[in-house]
């Protein structure tokens, strides 16, 4: 599905077609195409509440102000976005930094880097129901049936999460399920819990009628996982040939984050205009939870959004290596660069 938006206040035209098996969303800026540099930006998931900061940067012309014509395409998950970026068809992406670390380690010729950390606290979680025997403690997962989408970024952390929490994985039944059926299967009792992003799944389950007090969101970051989450990733070509464009892209995204943080209702409105069959109240809660839990953390409010703590970054790499040792630890460590970020004072909230 492709949605073309005109630069008119809250007015959009719509039409649909499939593009290479992925959903696509694009917006044309009002300035002549020759005056703006095209940026093909890959989103990690469909248009939902957490996408609002990027939509705000587009809607309010912040990309255009930086001389950029940003076109969004959508892929089915933050891990897949890393692979798609490496194809050369895209300039930047919103994707899981841990998937990027692993991809760089396995592919020495791939040098894309994360240039702005959006999720200081990752959204990775195991989401279950108390009535199905799930408790807030990881040990309670033993003896349970968990829905585990093979391509899910949260499930990718299971080897690390289970090890640091001393879970006997032989006592956990994992069932490979598709992304669209996670919430329905939990709501119907076909699984006891599933892997996913807590701030996205919690509102969906409540909207399906699952009582809020029956839902357990076991956030991995609250149980020893030190990893970071989604980041803005720039292709090696874009960073090398157009470093000014990377800096402009990040400035525009930062402005979009400020706008929706100050006015979540505005962000929700943008999502509702660009995605079909959405429930605004669900998207607003997704946005609010993501801002509070993953993006504007206490660390971010003290040090600014977008960077990483060097000591924690090193510890995160140690944890990733628990699942599989790195071929080249140096390349893994070089998966993030702060060289394109605005000054710290401009990134404080």
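Every read-out reported here was derived from the displayed coordinates using simple, explicitly stated rules and does not represent laboratory data. Note that this is a predicted model, so its numbers are computed, not measured. No Cβ is skipped: glycine too gets one built from the backbone with ideal geometry, and neighbour counts run over all protein chains shown.
Structure values in brief
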read-out	value
Sites residue 173 and residue 279 - FRET efficiency at Förster radius 30 Å, r taken between beta-carbons, to 0.05	0.40
Per-pair calculated FRET efficiency, R0 = 56 Å: residue 214 and residue 337 via Cβ, rounded to 0.05	0.80
Centre separation in Å (Cα based) which lies between segment 57-89 and segment 277-333	19
With Cα atoms, 0 to 90° folded angle of helix 264-274 axis to the chain main axis	80
Helical contribution to [θ] at 222 nm, DSSP H n ≥ 4, -39,500 (n - 2.57), averaged over the chain, rounded to 500	-10500 deg cm²/dmol
For the chain: relative contact order, % (alpha-carbon pairs under 8 angstrom, 6 or more apart)	24
Relative contact order (%) - segment 249-349, alpha-carbon pairs under 8 angstrom, separation at least six	35
Nearest 10 degrees, 0 to 90: helix 280-290 Cα axis against the chain principal axis	80
Rounded to 10°, Cα long-axis angle of helix 97-106 versus longest principal axis of the chain	90
Extended-chain gain in nm, criterion 0.36 nm per residue less alpha-carbon gap, residue 106 and residue 132	5.5 nm
Alpha-carbon Rg/Rh ratio, for segment 124-223, with Rh computed the Kirkwood way	0.91
Cβ crowding within 10 Å averaged over residues, with 113-120, 41-48 ranked highest first	113-120, 41-48
Shape parameters for the chain, alpha-carbon atoms, Rg then Dmax in Å	19.6, 60
DSSP-defined beta bridges in segment 124-223 - what % are antiparallel, rounded to 5	65
Calculated P(r) of segment 233-349 - Cα pairs past 22 Å, %	51
Ordering of 332-345, 164-177, 230-243 by burial proxy (mean other Cβ atoms within 10 Å per residue, highest first)	230-243, 332-345, 164-177
Packing rank of 102-108, 282-288, where each peptide gets the mean count of other beta carbons within 10 Å, highest leading	282-288, 102-108
Inter-label distance, nm, simple model (7 Å from Cα along the C-beta direction), residue 35/residue 187	4.8
DSSP-defined beta bridges in the chain - what % are antiparallel, rounded to 5	60
Net length gained if the chain between residue 328 and residue 266 were fully extended (0.36 nm per residue, minus Cα distance)	17.9 nm
Convex hull projection area averaged over all views, segment 238-279, Cα basis, nm²	3.8
Distance between segment 217-238 and segment 33-54 - C-alpha centres, whole angstrom	19
